[in-house]
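Taken together, the values in this text are just the output of simple stated rules run on the coordinates, not laboratory data. Predicted model only: the values in this text are computed from it and were never measured. With ideal geometry, Cβ positions are generated from the backbone for all residues, glycine too; neighbour counts draw on all protein chains shown.
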Amino acid sequence: MKKIYCIVLTVLCLLPCLAGCGKANAVNEEPLIRSFVIGNSTAEIQTHTEDGETRYVIAITLPTDTDFKNCAANVELAPDAVLDMDSPCIVNELGGRPILNLTLAERDLVVTCGEQSQTYSFQVGLE
């Protein structure tokens, strides 16, 4: 009887640890970008997971008369997250707002938070 009691107690002690591990993994996949706006257009931040890899996409529809080489973006990030100013699409900064060139073939935006890094690609539609 003592043996069964010890086994049950051990399993009950390990369950919160195992459940916590799964939650920590899910948090790491949450987008570090909370909102993304260019002009009057608000983007949808999408995540796509394939083969255990998560891709992050900024899906936004912009007017056809947008200056795609100089887009001032309002970006709200998760706490402690920062934009990597060496991201390929960032060409300048204006008052804390990144100026983006969305005409580039490689126009990824990189966000870091501690040792975590997320790379966002753009899916741009026209209206």
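Determine the gain in length on full extension of the stretch residue 126-residue 41; use 0.36 nm per residue of separation and subtract their C-alpha separation, reporting nm with one decimal.
On the way: separation 85, 0.36 × 85 = 30.60 nm, distance 1.08 nm.
Length difference between fully extended and current span is 29.5 nm.
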> Distance in nm between label sites at residue 116 and residue 29, each 7 Å beyond Cα in the beta-carbon direction?
Replying inline: 1.3
> Relative to a virtual label point 7 Å from the Cα of residue 59 in the Cα→beta-carbon direction, which members of region 91-125 show backbone nitrogen distances below 17 Å?
Replying inline: 120-125
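For a quick check of your reading of the filter: which GluC sites (Glu not before Pro) in region 27-61 sit in a DSSP loop and have no more than 16 other Cβ atoms within 10 Å?
Values: sites: 29, 44, 50, 53; in loops: 29.
Sites meeting the loop and neighbour criteria: 29.
For residue 112, what charge total do you get from the other residues with a beta carbon under 12 Å from its beta carbon, if Lys and Arg give +1 and Asp and Glu give -1?
On the way: positive: none; negative: 80, 84, 86, 115.
Net charge in that neighbourhood comes out at -4.
Between residue 50 and residue 92, what FRET efficiency comes out of the Förster formula 1/(1 + (r/R0)^6) with R0 = 25 Å and r the beta carbon distance, rounded to 0.05?
Numbers: r = 34 Å, r/R0 = 1.35.
According to the calculation, E is roughly 0.15.
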> Around residue 55, which amide H atoms from residues at least 5 apart in sequence, or from another chain, sit under 5 Å from its own amide H, with H modelled in the peptide plane?
Replying inline: 48, 49, 50
>> When a/c reaches 1.5 or more, the comparison of a/b and b/c decides; with that in mind, is region 46-104 rounded, prolate or oblate per its Cα gyration tensor?
In response: oblate
